[in-house]
Amino acid sequence: MDFELKLDAASVVLRGPFAPEKFHPGWFTANGLINPDAMKDCKVEIISPDISGFLFEWVRFDVQKDRFAFQIKDTAAFSELLQDLVVGTLELAENTQVRTMGINRDMHFLASSLEKYHAIGDALAPKDVWQKLGLDKLGLRSMIMESKREAPPGHIWTKLEASEIFGKEAGIRLDINNHYENQEKNAENIIAIIKDRWKSDIDRSLKIAESLLGLA
Amino acid sequence: MSYDTTLAVDFAEESADSSLKKELEQFASPVYESRVFEPDSTLETYVQTKESPPFSPVLSKTDEILPQKINRYMPKGAKLKPESRFIALRKWEGVVVEVENDVCLARIRDLMREDEAEEEITFPIDELSKSDRPLVAKGSLFIWLIGYSDKANGQRIRESCFIFRRLPSWKQDEIDKIKRESRPLADLLNDEEKTLLRP
């Protein structure tokens, strides 16, 4: 195996406005969105009118006045539960406006060798163009490829960069952002998109990553 | 006209343009306070109005998982990522078919090997966490996971767990809509079949 998936996180980012102080651990358990047993493992970082940050064993919440993020770190296990959580939150938080949404999958792959690691950069960003400029010791640090989507409006960003979680070992991070614009700003539209496209977005994100790493 | 400068500063922090960052910072302190200012040519590219049309690259970004703003509020030494993790080896989606004598009969579908046929399983309700037990009913959906649970202390435990899905309940207007839409189909049934319908 040339690349091993070591960290497979996913997140949903909503752009609001939101009221951060409304969203605290008790709100999620009282409304049946999170198992009440999970409260014993809940870690609260901050709850204030400006920002709320807390995490349960499997999901993390960051709520700001203009941004609501749900994050899991084990996508293969908890993807469907994250979907339920976001849909449930939007259905219960009445009159919530959502301008945009991202369904994201953030993957870190450990490379089996430095050669395999460099092969990805060489395939996606050939160095000869740069060498002609007199530059040497070249290496791809980061790139984003955008694919626009007409309906529902938005885009897919595929961000590839050197992973920094492996210390001295070489790794590649692939962060796929499935971005949706919501001109009507109504939460119902976002809920419909999640129900319709969740599985395909999550699955396709992994396929994109595996296909790109297959270039090595 | 109102501008959200805090996001623009974040954008500048991500870029290598330190002069832009410095220029923006004077408009964005403290972190969460938005200021009102007149646009100039340097900033126009980066700062979008709140009334901007939908495709505003700064205000609509949805790709960042952990914004730098969070770090400023974190207690010293606190970790941003949860410490334990679960590595799924097998995963099924199930639906409860019947519950009898505290035993569930369920139909399951393998989510990791989608070409596998559906299977039926039984499991005692005792397998579930206490707070999940009230969710068990005919038609309930659940995820069955088998995998490694890596604990913060480095311990790895092989676990099997059933997690019942906490789907939002149906709203009355949704129920009414479904009833309205299904009425023409119900009219196709004969009298005997209609007696089997729920009110």
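Details
- Mean residue ellipticity (222 nm) of chain A, computed from DSSP H runs ≥ 4 via -39,500 (n - 2.57), nearest 500: -9500 deg cm²/dmol
- Over 31 Å (Cα to Cα) - which of A:Lys73/A:Lys185; A:Lys6/B:Lys138; A:Lys6/B:Lys61; A:Lys185/B:Lys194; A:Lys43/A:Lys207 fall in this group: A:Lys6/B:Lys138; A:Lys185/B:Lys194; A:Lys43/A:Lys207
- Counts of other chain beta carbons within 10 angstrom of each beta carbon in peptide A:147-158 average 1.
- The range A:103-174 shape via C-alpha gyration tensor axes, a/c threshold 1.5: oblate
- For residues of A:73-84, the mean tally of beta carbons on other chains within 10 Å: 6
- Residues B:Glu119 and A:Glu169, FRET efficiency given R0 of 45 Å [Cβ-Cβ distance, rounded to 0.05]: 0.65
- Local electrostatic count at A:Thr96 - Lys and Arg +1, Asp and Glu -1, tallied over other residues with Cβ under 12 Å: +1
- Scalar couplings 3J(HN,Hα) for the range A:73-82, obtained by applying the Karplus form with A = 6.51, B = -1.76, C = 1.60 to θ = phi - 60°, are 10, 10, 4, 4, 8, 10, 4, 5, 5, 5 Hz; x denotes Gly and Pro.
- Put simply, when A:207-215, B:182-190 are sorted by average Cβ atoms within 10 angstrom per residue, most first, you get A:207-215, B:182-190.
- Label-to-label distance, B:Asp173 versus A:Arg204, with points set 7 angstrom from Cα along the beta-carbon direction: 3.0 nm.
- One Cα centroid belongs to the range B:144-195, the other to the range A:194-213; the line between them spans 23 Å.
Laboratory data are not the source of any read-out in this text; all were calculated from the coordinates shown. Only a predicted model underlies this, so the values are computations on that prediction, with no experimental measurement involved. Glycine gets a Cβ as well: all are built from the backbone with ideal geometry, and neighbour counts include every protein chain shown.
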